[in-house]
Amino acid sequence: MKKIYFAFLFLLLSAIASAQFSLNAATPFGLCNDSHDQKSTRAVDDDITGSGGYFVFWLDSRSNTSNNYELYGQSLDKNGNPRWEANGRLIASSGSTITDIKVTKGPDGLLLAYVVKSDSVVCMYLDANGVNKWAAPSLVARKDGSIIYVDGGAAFNIFATSTGAGITYNITFTGGFSAIGYNKIDITGTVSFANNSKSYSLSGYDYRSVSDGADGFYALSKGNGIGSTITIDRITSSGVKAWANGVEITNGGGATGFAGNISMNVASNKDLYVTWDASGSNVYVARVSKSGSLAWNFGRVALSLSSPASAGRSNARITAADSIIVTWNENGVGATNTMIQKLGQNGNIGLPAGGKIVDVANGYYGYPKLALNGDNAVCFFSTPGKNSVAIGAQTINSDNSFKWPVTIPVTDAYLKWNFYDDYQVLDDAAGCNAIFWTGFDGNIYGANTCESEVVLPVKTGTLKAEMVGLQNKITWEGFNQSAGDLYQVQRSSNARDFTNIGTVAAKGTDNHYTWWDKQPLNGNSYYRIKLSGISGNNEYSNIVKTTAGAQPLIMISAYPNPVKNILNVQLGQMPRTNALITVSDMAGKVIRTVPANQSALSIDMSHLSKGLYFITYKDDKSKTVVKVQKD
């Protein structure tokens with residue numbers, strides 16, 4: 001990937017910030033921009049140094065030896081400043097290539113497991129400097145005898161136990177049948193079981209695992225075909241099956257069977273929640289009791305109720321109160337939205353039937369993920385941005401309201417956007433949730449919602465803006481100010497990039513304030529108030545919007561997406577004067593122009609090559625672009 005773009009990006013990459021999370025979505029913080037490929041980003045919070053921050057790991061081909069990948073890492077403080085050398089520190093290498101990595105927290109370090117080219121699984125115990133606490137990496141498993149591959153894949157996982165960690169991995173035997181392998185390792189580097197002595201060929205041949213909260217694990221097995229069944233087994237810490245039979249959760253597969261993403265979450269009572277994309281274009285949740293039965297007598301809950309929508313790419317997290325929060329993408333007629341839903345312990349939904357729309361999503365690329373902060377959840381997802389794709393973030397509060405009036409852009413630079421789902425989001429009790437990802441350009445990036453967000457904690461009261469004639473009247477209330485504090489009135493055209501347009505001295509007591517914008521922007525004007533305290537602290541108000549002068553955008557949708565032959569284009573209202581629809585490729589070359597003389601029209605795409613295309617509506621007042629994939 002990176003070799004394709006390297007010459008084109010040389011100057012651009014040299015401008016990547018060298019330190020600290022960025023406030024500018026167009027230039028997100030770059031952890032690593034080495035000239036070779038990076039991938040498989042993994043991250044955990046820093047509980048080792050005592051000062052907070054993050055540890056980030058990835059696979060890196062900078063050795064450039066037969067395209068082998070080594071394991072690199074970086075330590076960051078809570079503001080995103082690197083503690084180790086630029087572009088990361090070499091953590092592990094092998095005579096072959098490393099193909100996958102997993103990391104979890106130990107008592108005073110990080111337990112990190114990695115796979116060496118379908119040959120072996122290895123574990124290290126890292127200190128705060130990324131140095132192995134053991135004399136050498138410990139071998140967890142290797143191929144031998146009738147076992148022809150020991151590798152990672154979906155079965156590969158590491159989870160903390162009371163004595164160290166449990167590690168699961170994939171085994172392939174001569175003849176092609178597979179199993180999930182298991183071993184334990186303590187914090188001295190000693191493994192519990194003989195090589196591959198704990199392996200399980202369950203009801204399927206594709207596996208997942210998650211800790212059961214009692215030093216054992218839940219194993220999920222399924223077929224690899226669309227509509228296959230999903231079965232749950234429980235393995236104790238000693239490697240023994242806890243149940244005589246697995247629990248099948250799809251009621252025979254088919255429309256409720258497997259079709260995509262799977263999430264596994266364990267409740268405080270050790271029950272397992274499973275969320276999966278189903279072949280019937282829906283997302284389901286089931287609860288399996290720790291004793292080995294379906295906990296809900298109705299079996300499973302369908303989250304999407306829209307038709308003919310297609311729901312999938314789900315991700316789920318469990319809160320401290322044992323509520324399940326699920327996000328997914330839903331492709332309707334001409335539009336894709338990222339959705340969210342909450343389920344209680346009894347399977348009852350907490351949001352309106354069908355879920356709540358977070359925002360418009362990029363349906364081709366988007367894989368939404370959730371991170372927690374207390375009982376709130378922040379949803380990171382792919383959404384249209386200034387450069388056609390962006391990573392956006394929005395928090396849903398415990399009262400089901402959204403925290404921010406608009407989606408926060410984490411990055412809206414195309415080549416710095418995440419490579420499909422190669423990204424990880426982290427929980428944070430204070431609400432400063434971090435995200436780390438591999439970009440389309442093969443670099444590693446990071447961001448933090450407290451550095452990217454447009455609304456910080458409110459101390460200035462409720463801000464209001466209203467049009468009065470040709471001016472905008474801005475009013476707010478102030479509380480507990482000190483003499484010498486200053487209010488700055490800030491304005492933006494996009495709710496992200498604000499400039500100061502006026503200053504008002506705080507009165508030192510609770511008071512009402514008014515400020516007039518005598519020359520509002522043509523179109524949308526977004527306002528916020530910045531309180532600059534004499535103590536050096538800054539606080540921000542909520543954001544409000546007024547619209548003047550310009551006509552609103554005419555929204556367009558294009559479907560089916562991906563398209564093979566005929567693309568249907570639907571306008572949100574009748575076109576205005578001199579309206580045109582153009583089809584252009586990724587290089588910006590206009591391939592076809594069609595007069596937009598009605599609200600619905602069709603474009604023949606059958607003669608075009610496979611790839612991405614821009615569909616642009618433009619008239620005398622506005623311009624709107626959507627992207628479609630030609631199959």
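Derivation of every value follows stated rules applied to the coordinates shown; laboratory data play no part. Here the structure is a predicted model, which means the values were calculated and not measured. Cβ sites come from the backbone with ideal geometry, for glycine too, and all protein chains shown count toward neighbours.
Compare the peptides 129-135, 314-320, 52-58 by average per-residue count of other Cβ atoms within 10 angstrom and give them in order, highest first. List each step's numbers first, then the result.
Details: 129-135: 14.7, 314-320: 20.9, 52-58: 23.3.
Highest mean packing first, the order is 52-58, 314-320, 129-135.
If you stretched the chain out fully between residue 578 and residue 512, how much longer would it get, using 0.36 nm times the residue separation minus the C-alpha to C-alpha distance?
On the way: separation 66, 0.36 × 66 = 23.76 nm, distance 4.72 nm.
Length difference between fully extended and current span is 19.0 nm.
Could you give the semi-axes, largest first, of the ellipsoid that matches the chain, computed as the square roots of 5 times the alpha carbon gyration tensor eigenvalues and rounded to whole Å?
Square roots of five times the eigenvalues give 43, 30, 26 Å.
Arrange the peptides 113-125, 186-198 so that the one whose residues have, on average, the most other Cβ atoms within 10 Å appears first.
Packing order, densest peptide first, comes out as 113-125, 186-198.
Based on C-alpha coordinates, I'd like the Rg and Dmax of segment 130-239, in Å.
14.2, 47
Assuming R0 = 35 Å, what is the FRET efficiency of residue 623 and residue 356, from their Cβ-Cβ distance, to the nearest 0.05? Can you show the working numbers first?
Values: r = 30 Å, r/R0 = 0.85.
E between residue 623 and residue 356, to the nearest 0.05, is 0.75.
Can you pull the one-decimal nm distance between simple spin-label points at residue 532 and residue 547, each 7 Å off the Cα toward Cβ?
Result for the modelled spin labels: 3.3 nm.
Which lysines, if any, have their Cα less than 19 Å from the Cα of residue 623, not counting same-chain residues under 8 positions apart?
Output for residue 623: 386, 589.
Which cross-chain or sequence-distant (5 or more) residues have an amide H under 5 Å from the amide H of residue 242, H modelled 1.01 Å from N in plane?
Placed amide hydrogens put 234, 235, 236 under 5 Å from residue 242.
Going toward the positive end of the dipole of the chain, with +1 on Lys and Arg Cβ and -1 on Asp and Glu Cβ, which of 569, 169, 279 do you reach last?
569
Using just the helices of the chain, give the 222 nm mean residue ellipticity in deg cm²/dmol: DSSP H runs with n ≥ 4 each add -39,500 (n - 2.57), and the total is spread over all residues, rounded to 500.
-500 deg cm²/dmol
How much FRET efficiency would the formula 1/(1 + (r/R0)^6) give for residue 522 and residue 346, where r is the Cβ-Cβ distance and R0 is 60 Å, rounded to 0.05?
0.70
If the chain between residue 471 and residue 397 were fully stretched, how many nm would it gain, using 0.36 nm times the residue separation less the Cα-Cα distance? Each step should come with its number before you reach the end.
Working: separation 74, 0.36 × 74 = 26.64 nm, distance 3.44 nm.
23.2 nm is the gain from fully extending residue 471 to residue 397.
For the pairs 369/627; 117/184; 102/627, flag any whose C-alpha to C-alpha distance is greater than 26 Å. Please list the in-between numbers first.
On the way: 369/627 22 Å; 117/184 21 Å; 102/627 34 Å.
From 369/627; 117/184; 102/627, over 26 Å: 102/627.
Could I have the simple spin-label model distance between residue 154 and residue 565, label points 7 Å from Cα toward Cβ, reported in nm to one decimal?
With each label point 7 Å from Cα toward Cβ, the separation is 3.3 nm.
So, by mean Cβ neighbours within 10 angstrom, what's the order for 576-589, 391-404 with the highest one leading?
391-404, 576-589
Relative to the present Cα-Cα distance, how much length would full extension add between residue 430 and residue 612 at 0.36 nm per residue of separation?
Going from the current span to full extension adds 61.6 nm.
Cross-link list 39/416; 78/356; 518/545; 356/416; 105/356: which exceed 22 angstrom alpha carbon to alpha carbon?
From 39/416; 78/356; 518/545; 356/416; 105/356, over 22 Å: 78/356; 356/416; 105/356.
Describe numerically, in nm with one decimal, the distance between label points set 7 Å from Cα along Cα→Cβ at residue 600 and at residue 67.
Distance between the two pseudo-spin positions: 4.7 nm.
Report, to the nearest 10°, how far helix 2-14 tilts away from the longest principal axis of the Cα atoms in the chain, using its own Cα long axis and a range of 0 to 90°.
Between the helix axis and the principal axis of the chain, the angle is about 50 degrees.
Using the charge dipole of the chain (Lys, Arg: +1 at Cβ; Asp, Glu: -1 at Cβ; taken about the Cα centre), state which of 41, 268, 79 has its Cα farthest towards the positive end.
41
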